[in-house]
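The values are calculated or read from the model by the stated rules, or taken from the named source; none is laboratory data. What you see is a predicted model; the values in this text were computed from it and never measured. Positions of Cβ are generated from backbone atoms using ideal geometry, with glycine treated the same way; all protein chains shown enter the neighbour counts. To get the accessible areas, we keep the full protein, side chains included, count just its heavy atoms, and leave off ligands, DNA and RNA. Shrake-Rupley method; radii C 1.70, N 1.55, O 1.52, S 1.80 Å.
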Amino acid sequence: MPVLSGGYVHPSALKALTMLGIGRGRVRTFAADATGRLDVAALEAALRGLGGAPAILIANAGEVNAGDFDPIATLADLAARYGAWLHVDGAFGLFARLSPRTAHLAAGVERADSAIADGHKWLNVPYDCGFAFVRDPALLGAAFASGAAYLPRADDPRPSFMHLGPEMSRRARSLPVWATLRAYGRAGYRALVERHLDLARHLADRVDAAPDLERLAGVPLNIVCFRLRPPAAPEGDLDALNARLGQAVLDDGRVYVGSTTYAGRVALRPAIVNWRTTTEDVDLLVDVVRELGARLVAGRAG
């Protein structure tokens, strides 16, 4: 069964397909450019060529390098037209729906056959907490129900999650999610998301104003993808310089930011999701990056 997506498809999706037995080799990606942006026309042509055979479409909500989104509503239209299953990977991007400022980015997710999100990102609950939503819950029981005389019956009106997922035994991951939603609610998390949107915009402005930094992508959500670009540095040296900068930031220890390769260029990709992050933290990040970058450039010149 073919799996079709844009270039934003996450490695965790490939791993899940391997565990399911479908395999990584069944995934075909259709990217319009080096960033991974979806080529809708090419994907539709591939769907048309399947002649109505089963297929899975993966729409990505919140790409990890720059926070970009696939056109979910367009993919929902294609899934309906060609009889495909639409899955939305919304690990953190699904929470864009909380704010009127960003809800349009995930428009169409309500039409998906399945969707996932992580609680340990924007909900700020402990690690290894995620959600899987399936439009037809009967499909879960058909796949995961397990019977024995000493186990709850699959048709028991009281839900038993061992019949709805791969784990027979697990801890109560849902308890901290319930507690934090009960405490802060939709309004509280909307305020959190919008504060992080403002912080990401502030960070982008600081990057744009700095003569030795270069932003590599737009800021649709909470990630700012940028790199060190000293005015006199040759383009051919920038990847190695930014790779050293990424390690220098970690060694320094005042701030933490992940490194990546975006459109073939080594960059930094701060993603703002922690409830404690402030404007002062964002300013410190920029100051530290520029300070360490200047040291690296001076050392290379010396």
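Residues in region 70-94 that are of a type in the set (Phe, Trp, Tyr) and modelled with pLDDT of 95 or more were compared, and the one that is nearest to GLU44 (Cα to Cα) is TYR82.
Just to be sure, is LEU43 part of a helix (DSSP H, G or I), more than 21 Å from VAL224 (Cβ to Cβ) and open to solvent by less than 10 Å² (accessible area, probe 1.4 Å)? Criteria met by LEU43. When SER174, SER99, SER169 are checked against the criterion of being among the polar types (S, T, N, Q) and exposed (fewer than 13 other Cβ atoms within 10 Å of the Cβ), SER169 stands alone in meeting it. Looking at region 261-293 only, could you name the residues that are within 17 Å of ALA240 (Cα to Cα), part of a helix (DSSP H, G or I) and open to solvent by less than 60 Å² (accessible area, probe 1.4 Å)? VAL289, LEU292, GLY293 - these are the residues of region 261-293 that are within 17 Å of ALA240 (Cα to Cα), part of a helix (DSSP H, G or I) and open to solvent by less than 60 Å² (accessible area, probe 1.4 Å). For region 66-105, the set of residues classified as within 25 Å of GLY188 (Cβ to Cβ), part of a loop (DSSP other than H, G, I, E, B) and of a type outside the set (Ser, Thr, Tyr) consists of GLY67, GLY90, ALA91, PHE92, PRO100, ARG101, listed by residue number. For region 54-81, how many residues are without any contact (Cβ under 8 Å) to a residue 40 or more places away in the chain and either surrounded by fewer than 18 Cβ atoms within 10 Å (Cβ to Cβ) or farther than 24 Å from GLY25 by Cα (or both)? Residues that pass the stated criteria total 6. Within the set TYR184, TYR189, the sole residue that is open to solvent by 70 Å² or more (accessible area, probe 1.4 Å) and either out of contact with any Asp or Glu (no Cβ under 7 Å at 6 or more places or on another chain) or at positive phi (or both) turns out to be TYR184.
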